[in-house]
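The values are calculated or read from the model by the stated rules, or taken from the named source; none is laboratory data. The model shown is predicted, which means the values in this text are computed figures rather than measured ones. Counting neighbours? That spans all protein chains shown, and the Cβs are built from the backbone with ideal geometry, glycine included. We work out accessible area using only protein heavy atoms, side chains counted, and drop any ligands, DNA or RNA first. Shrake-Rupley method; radii C 1.70, N 1.55, O 1.52, S 1.80 Å.
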Amino acid sequence: MLIQRLAKRVTTSGYKCLHGYHTKGDREERTCVTYKCGLLNTIQDVLRQRPGWIEVKDDGEWDFNWCDVTWLRENFDNSYMEEHVRICHFRNHYELTRKNFMVKNLKRYRKYLEREAGRMEAAKCDFFPRTFELPSEYHLFVEEFKRSAGSTWIMKPVARSQGKGIFLFRKLKDIMDWRKDGTRSEEQKNDVHVESYVAQRYIENPYLISGRKFDLRVYVMVTSYIPLKAWLYRDGFARFSSTRFSLSSIDDQYVHLTNVAVQKTAPDYDPEKGCKWQIQQLRRYLTAKHGRETVETLFKEMDNIFIRSLQSVQKVIINDKHCFELYGYDILLDDILKPWLIEVNASPSLTASSQEDYEMKCQLLEDTLHIVDMEGRLTGREKRVGGFDLMWNDGPVYREEANPETPSSSCFTANTHLGCVNDRKRQLRQILKPFPGQKRI
């Protein structure tokens, strides 16, 4: 039994004491970390190259587990974890990362804000398109559909990824299966499993570059929900479609879906160039075209999306000191530079699509491990670790130059630098003690 194994850990070769750590002051410095990894991509490379980390197989005892969500669902509730153990998901991460649950929690949080703080505060949550869960909200959806005749809608399975099962539609007859299911009794519905979808107003006026649609992948790390502690990574990327945008061809996935899993199947896809811009390149482009002030407003509005969405699930996520989460946020810009939250991913793709993409994801994962800090190399008071900036710590974290007495009227002034210079190596040399057994360079 896993509980018995974890309760009976013993000292092994290479450990200074139990679990390979000793106490120095009030900090634990670990000389050996055993880890388990359920994925075969960039994270595996990063873990294998980390000094003092040793991979265990099958039922081996571990201090750190980068698991997939299937392993979490099947094993988490039956696992006893000692104080120092860490795992890469919260137990019910899906409250934010399943499309239907995300919208449900955002709607509920918006109503709470309107009731407690007024309409202006609630309006700060107006960053996701009109969305309905089908089949359960089919009749509400039909009312909205008729009010917006001629609009384009997009259907998405609530629990799939990489663009699978997604399609656009403008006629109700295209989704008759959900109407039929909506008229069945509860008993009948239980007889046959019907996959849930969300029907969402399609953003028909996306911001285009060279005539092509794109969205943003941004990385947010949460190490605690109570109190909320969240970090924003400086790097990310824009994912472009390979075909010029047009609403006259709603069946063409290469026009409307920016997922790399979809775009790499396009006939003219170039695996060397890929279909991505680094987010720094996008920020420079937008600044040159629209000016610094406009772009800073845009990025502040994205900060607002990250924090409000996390707050919307703060009371429903099961907080656990053993858990952390690296979220992949998907953001779409419209033609007036309003950012829209499309979805949040609990398992953002760590598979590289190019050498540049591989290097960025390696750095992201290295800095994620620095924040988890299994080795005890941090003080716990850092506002920046590598490419991550602490943007919320039971309240907004302000930049050094910001005045906390006069926050922005539209959004808080966060300690965020998305799309700015990421001089992570220099910064890490300043804050990190050497790995145990290594000398500072």
Original post:
List, please: which pairs have Cβ atoms under 7 Å, are six or more places apart or on different chains, and start with a residue in region 207-227 that is on the phi < 0 side of the Ramachandran plot and end with one that is of a type in the set (Phe, Trp, Tyr) and in a loop (DSSP other than H, G, I, E, B)?
Top reply: LEU208/PHE245; ARG212/PHE245; LYS213/PHE245; MET221/PHE324; VAL222/PHE324; THR223/PHE324
**OP:** Go through region 202-244 and give me each residue that's closer than 17 Å to TRP340 by Cβ, crowded, with 21+ Cβ neighbours inside 10 Å and among the hydrophobic types (A, V, I, L, M, F, W, C).
**Re:** PHE214, LEU216, VAL218, VAL220, ALA238
**OP:** Among the residues of region 378-393, write down those that are open to solvent by less than 50 Å² (accessible area, probe 1.4 Å), touching a residue at least 60 places away in the same chain (Cβ under 8 Å) and not in a loop (DSSP other than H, G, I, E, B).
**Re:** VAL385, PHE388, ASP389, LEU390, MET391, TRP392
Original post:
Out of curiosity, is ARG283 at pLDDT 95 or above and among the basic types (Lys, Arg)?
Top reply: yes
Subject >> Residues satisfying the stated conditions in region 346-357, i.e. open to solvent by 30 Å² or more (accessible area, probe 1.4 Å) and outside any loop (DSSP other than H, G, I, E, B) >> reply: GLN355, GLU356
Original post:
Take the residues of region 328-340 that are part of a loop (DSSP other than H, G, I, E, B) and not β-branched (Val, Ile, Thr): which is surrounded by the fewest Cβ atoms within 10 Å (Cβ to Cβ)?
Top reply: ASP335
**OP:** Would you please list the contacts, defined by Cβ atoms under 7 Å and residues six or more apart or on different chains, that run from a residue in region 292-314 that is closer than 17 Å to GLY328 by Cβ to a residue that is open to solvent by 10 Å² or more (accessible area, probe 1.4 Å)?
**Re:** ASP303/CYS411; ILE307/TRP392; VAL313/GLU95
Original post:
From the list GLU343, GLU325, which residue is buried (at least 20 other Cβ atoms within 10 Å of the Cβ), among the charged types (D, E, K, R) and touching a Phe, Trp or Tyr at 6+ places or on another chain (Cβ under 6 Å)?
Top reply: GLU325
Original post:
Among the residues of region 66-74, is any at pLDDT 95 or above and open to solvent by 30 Å² or more (accessible area, probe 1.4 Å)?
Top reply: no
**OP:** Could you give me the residue pairs with C-beta distances under 6 Å whose first residue belongs to region 317-342 and is among the small types (Gly, Ala, Ser), whose second residue is part of a strand (DSSP E or B) wherever it lies, and which are 6+ apart or on separate chains?
**Re:** GLY328/ARG217; GLY328/ASN345
